[in-house]
Amino acid sequence: MSTASVEVVYRGIFQKTMAKNICRGVVLAARKEGKIGIAFGRYSDSPERNGIPAKQFAVVSDSEEELEEHLSRYEPDNNDVTIVADDTLCKGVESWAWYGLQPINKLLGDGGTLVVTSTQSANKLIKTIHRKGSPYDLAIVKAAASFSGLWVYKDDHTDVRLLGALAKVAPHIVSLDSITKAISEQWKDESKVASAMKAYDMVESTPVGADQGSDAEPFSFSMPGWTKMEEGLVIRGIDQKPQEVPGWDGGYVPSRNPTFKKFSTRTMRPVINFDTCTKCTLCWLSCPDTCFDITPDGFYDANMEACCGCGVCEAVCPVAECVTMVNEEAFEDNDSQWEMWTKDTAGYAAWLTEKIADKPTRSHGFHHVGQYAEEIADESR
Amino acid sequence: MSPAKATAVKRVEATGGPSGETEELISGSEAIAHVCRLADVDVITAYPIRPYDTVMQCVSQMISNGDFDCEFIVAESEHSQFEIVKHASAVGARVFCGSSGVGWFYAFEALAVTAGLRLPMVAMVGNRALDDPGAFGVEHNDALAVRDLGWMLAWVSTAQEALDTALIAYRVAEDPRVFLPCAISCDGAFLTHSQAIVNVPSQEMVDGFLPPYDRAEKQLHPDNPITIAPQANEDWLMEMRRQNDMAARRARDVIIEAYEDFGAKFGRGGEPFIERYMMEDAEVALVGMGTLAMPVKVAVRKMREQGKKVGFTRVRWFRPFPTQELQDALGGTKAVAVIDRDYSFGSTFYSGTLTNELRSALYPLESRPKIVSTIAGLGGREVTADNVIEIAGMAFDVAEGGDVSEEDTYWIGVRE
Ligand code: SF4
Ligand code: SF4
């Protein structure tokens, strides 16, 4: 008699179909073992926004009565497995419905397994994940994050590979045999079955200690009751005065909501070549989230706490190769690029070259007109 | 092995078996979309609003996959959406429509006259809070708003029940003794966005249960020259309303017939109007609608383990209101706690609508149970089994003459 649940954390829109395939796969596979289950998305993530950290779940029980305890709930909080479909989510997640930045392992039960698709090492990943306070396992499925679009699904087998890995790390939820049967029935494609089996063999697990991980304090907050809330749905505006930056003489930094960070949505970030920038203002004008701080010397510095990685600045910048969107995997902090550049111009140029060369993969959108045709040509070669 | 597990295992074996049903992993909305396909609905109109839009997504997918053929019209607003199907129904088309929250309200002019014109539209309401502030979690106020107009209203608690009830709704609504619209309410998120294992019947099974829609001499057609909805003043309206009243009364027997036939043909469906859960010897009863049933049943089982004589009565049909059934189910209890997932500000004892209706249904009883009025789960807030145990505790308290008042309404799970 038992109930088990799987949480899938993914990038809204880009990975929605994949997350759905995984959760459905879990329930359908468990059905092969006579269990009963449900698959659902966290309602407050709907409708999704590009790149927003979103969640779907699968809950399976031995009996309908047991399952009943998990129906009409938004999210199970003690998951056996949390699947992370993009390793940049390991830094923490914040849904667009706003819960503040929360640790990726928050809803993982004690002794559970965090399954991440990544090309990074376990040690490197653990450093970015909040400390859990209880031991768990980190399993890595070697793969770059798979991103699709709103209308298309890139069927690169990441969904079934994650299902195969799940059977390995949590055989009490579903066996490999049930998983392969369910995949075979759902997709009628034996190559997908083979991919699942391969992932089952290849997935590597590392134990993570209670104290291992990033010591950053997760965001916490309390919600007022009805006797304390202002009546009439009124929210007081935040201080509209521009922010003072120590050491900055001049420039302009708009005030921002200090508790609403949008960067966990980002799958790519703009890197700016200040050596070629003409200070034309277009990026600053066009950024939908007012992310650009105006520096004392009149440059535009994209604030990495606020940037959601939409790519608009890259698209509007009239100077060739001046703004480049780079996969978020390549970065460990949100430090100011302009400050780095002013301190060491040559060092910054080298950093820029390395970043652009290192992670050229884009998660979404296009850099220039005609890029799609080029990519198609590339792939059919 | 518990009996529940035995059922689960049996269902696996039944897949594609002699019953002719197939097992699918689908949401409550998708289950209703399957009914549109199986009932071969002729005209469907759509206008997006969460959570109802999950139906139109599934319907449009079935059409583009070639599994279903109908006039699928994306209207420019909910008002037009309901006007279109209203008129289509008059010419003899089987129709489907739906909405949620304030979208349903935007269609109100059309909704109000559909029953008066005796058009058997079937709609789904994906229950959603009435904005502001753009909240999209479940509250029942949206669908309840048509309760006085001649609409039949059903609330379901599982995706399977959504499917079954939608089939029954077509049969009842299109019965010439009734000819009234029917809305099936599905709690936003918990039914509309959650996929569960559902048995989807075969075309043959549905054809054997649901006769074609036939308006006969009421069909608007060049060969049958009639006028529908001419100007009617005080000389006519009261008689027309009385006819409507009689149709709403007749619906009761038609619903009972439909459940009997559905039970015989599909082997499920349960009691029409209400579900009784552990009510046989219950001294205290909880009453609610929709997916509240899940935490309530869990809580009832927990309290039963502690020897508490508590049961649950789920209202499945709000219109026609199951007055007799509720009198029968609750008449022998000492106290009833109603959980309203709706509000009716300024009403009798500040209660929600379900409580107020129930209170008047029980009034004629010789010995009436005491009634505890509660409001919970607004805006889609989770109602937990612990919330339910707290509510049941209040009912036990009032039964024993404690401090809980019958003349007040208690908000459960609200932050003070
Ligand atoms: S990518 Fe550029 S335009 Fe988009 S939010 Fe970030 S800084 Fe602004
Ligand atoms: S758009 Fe490009 S050139 Fe213009 S200010 Fe921004 S970074 Fe500089």
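The values are calculated or read from the model by the stated rules, or taken from the named source; none is laboratory data. The structure presented is a predicted model; accordingly, all values stated were derived computationally and were not measured. Here Cβ is always computed from backbone atoms with ideal geometry, including for glycine, and neighbour counts include all displayed protein chains. For accessibility, only protein heavy atoms count, side chains too; no ligands or nucleic acids. Shrake-Rupley method; radii C 1.70, N 1.55, O 1.52, S 1.80 Å.
For the listed residue pairs A:K106/A:K154; A:K32/A:K168; A:K55/A:K188; B:K86/B:K265; A:K55/A:K355; A:K20/A:K142, the alpha carbons are over 23 angstrom apart in A:K106/A:K154; A:K55/A:K188; B:K86/B:K265; A:K55/A:K355. At most 16 other Cβ atoms within 10 Å plus a DSSP loop assignment makes a site exposed; report the longest stretch of chain A without any exposed GluC sites (Glu not before Pro). Answer from the scan: A:34-229.
Between the stretch B:116-193 and the stretch A:95-116, the alpha-carbon centres lie 36 Å apart. Against chain B, whose longest principal axis comes from its Cα atoms, helix B:353-362 is set at around 70 degrees.
Loop-located chymotrypsin sites (Phe, Trp or Tyr not before Pro) in the stretch A:257-301 (DSSP state other than H, G, I, E, B) with a sparse environment of at most 15 neighbouring Cβ atoms within 10 Å: A:F260.
Where both partners of a DSSP beta bridge lie in the stretch B:267-416, what percent of those bridges are antiparallel, to the nearest 5? Show your work: numbers first, answer last.
Details: 4 of 22 bridges.
If we restrict to bridges inside the stretch B:267-416, about 20 percent are antiparallel.
Taking the helices alone, chain B has a mean residue ellipticity at 222 nm of -12000 deg cm²/dmol, built from -39,500 (n - 2.57) per DSSP H run of at least 4 residues and averaged over all its residues. The alpha carbon centroids of the stretch A:268-292 and the stretch A:65-85 are separated by 42 Å.
Applied to the stretch B:383-388, the Karplus parametrisation 6.51 cos²θ - 1.76 cosθ + 1.60 on θ = phi - 60° returns per-residue 3J(HN,Hα) values of 9, 9, 4, 5, 4, 5 Hz, with x for Gly and Pro. Looking at the stretch A:54-139 alone, DSSP beta bridges between its own residues are antiparallel in about 10 percent of cases.
Using just the helices of chain A, give the 222 nm mean residue ellipticity in deg cm²/dmol: DSSP H runs with n ≥ 4 each add -39,500 (n - 2.57), and the total is spread over all residues, rounded to 500.
Working: 11 runs with 105 residues, N = 381.
For chain A, the value works out to -8000 deg cm²/dmol.
The label point for A:V319 and the one for B:E406, both projected 7 Å from the Cα toward the Cβ, are 8.0 nm apart. Between the C-alpha center of the stretch A:44-62 and that of the stretch B:382-404 there is a gap of 33 Å. When all alpha carbon pairs of the stretch A:3-208 are counted in 10 Å bins from zero, the resulting P(r) reads 9, 39, 39, 12, 0 %. For the stretch A:111-206, trypsin sites (Lys or Arg not before Pro) are listed when DSSP marks them as loop and at most 14 other Cβ atoms sit within 10 Å of their Cβ; the list is A:K154, A:K188.
Based on the Cβ-Cβ distance of B:D281 and B:Q324, what FRET efficiency does E = 1/(1 + (r/R0)^6) give at R0 = 25 Å, to the nearest 0.05? Spell out each step's value before the answer.
On the way: r = 21 Å, r/R0 = 0.84.
Once the sixth-power term is evaluated, E becomes 0.75.
Just the number, please: percent antiparallel of the DSSP beta bridges in chain A, rounded to the nearest 5. Walk me through the intermediate numbers first.
On the way: 31 of 47 bridges.
In chain A, approximately 65 percent of DSSP beta bridges are antiparallel ones.
Any idea what % of Cα-Cα pairs in the stretch A:239-381 are farther than 26 Å? Beyond 26 Å sits 23 percent of the P(r) for the stretch A:239-381.
Note on A:S134 and A:E190: the extension gain reaches 16.2 nm, defined as 0.36 nm multiplied by sequence separation minus the Cα-Cα distance. Karplus-based coupling profile of the stretch A:126-137, in residue order and whole Hz: 4, 4, 8, 8, 4, 4, 8, x, 8, x, 8, 10, with θ = phi - 60° in 6.51 cos²θ - 1.76 cosθ + 1.60 and x standing for Gly or Pro. Placing a label point 7 Å from the Cα of A:E354 along the Cα-to-Cβ direction, the residues of the stretch A:297-332 with a backbone N closer than 19 Å are A:324-332.
What is the stretch B:56-184 by shape, rounded, prolate or oblate, if you read a ≥ b ≥ c off the alpha carbon gyration tensor as root eigenvalues and call it rounded for a/c under 1.5, prolate for a/b larger than b/c, and oblate otherwise?
Working: a/c = 1.27, a/b = 1.10, b/c = 1.16.
Here the stretch B:56-184 falls in the rounded category.
With the whole protein complex present, A:D159 retains an accessible surface near 0 Å², based on a 1.4 Å probe. Cβ-Cβ distance of A:K127 and B:F345, R₀ of 51 Å, FRET efficiency by 1/(1 + (r/R0)^6): the value works out to about 0.45. In this simple spin-label approximation, B:E416 and A:N78 carry label points 7 Å from Cα along the Cα→Cβ vector, and these lie 2.8 nm apart. Chain B contacts chain A over a buried accessible area of about 3200 Å², both sides summed; the probe is 1.4 Å and only protein chains count.
Quick one: helix B:78-90 against the long Cα principal axis of chain B, what's the angle to the nearest 10°, folded into 0 to 90? Computed tilt is about 60 degrees.
At 0.36 nm per residue, minus the direct Cα-Cα distance, what do B:E76 and B:R304 gain on full extension? Give it in nm, one decimal, please. Could the numbers behind the result be given before it?
On the way: separation 228, 0.36 × 228 = 82.08 nm, distance 5.17 nm.
Length gained, B:E76 through B:R304: 76.9 nm.
Sparsely packed loop sites in the stretch B:212-270 (the trypsin sites (Lys or Arg not before Pro) outside DSSP H, G, I, E and B with at most 11 other Cβ atoms within 10 Å) comprise B:R268.
Approximating the spin labels as points 7 Å out from Cα along Cα→Cβ, the B:N65-to-A:E332 distance works out to 4.8 nm. Rounded to the nearest 10 degrees, the inclination of helix A:190-202 to the longest alpha-carbon principal axis of chain A is 80 degrees.
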